[in-house]
Amino acid sequence: MITIDLARRLVAGGVLWEPQPGDRFTIDQPGVAGEVFWISELTVDVHSYHGQPLLGFNGTTEWALDSVTLDTALWLPREDQLRALLGDRFRRLSRDGSSWTVALLAPHAADADSDADITRVTDVDAECAYARALLTLT
């Protein structure tokens, strides 16, 4: 799972979130950050109040939370979501010992696949490597 710091950096880099069932998030507030929630029609769903999307907590599963706005929620994208955000710039994910490397077409490159046109980003966590790679494009 990506770190809260990386999730914040993705937001600062302009990555937008349209909440969907199966998405995971945390509430970026002291005392709650780090608790991971999943959007599910049973426990947390997306609804609108005065035209603003809200994440609503159903039932008694989440203490006294009723709902939170998207600007309070911090999306923790999954590997497949990060790979989709990289789009056609993504080339491959490889593992070298305990590290994962994401190779992608460099921001300055148009179409070439020469080694000079490939950016490589490494992390011990595959999702973090994807997130770091995405940050090179923002």
Exercise. Multiply the residue separation of Ala110 and Leu16 by 0.36 nm, subtract the distance between their alpha-carbon atoms, and state the gained length in nm to one decimal.
Key: 31.4 nm
Quiz item: Based on the Cβ-Cβ distance of Ser94 and Thr69, what FRET efficiency does E = 1/(1 + (r/R0)^6) give at R0 = 41 Å, to the nearest 0.05?
Solution: 0.60
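Here, each number is a calculation from the coordinates, and none is a lab measurement. Remember, it's a predicted structure, so these values are computed and weren't measured experimentally. When we count neighbours, we look across all protein chains shown, and the Cβ atoms used for this are built from the backbone with ideal geometry, even at glycine.
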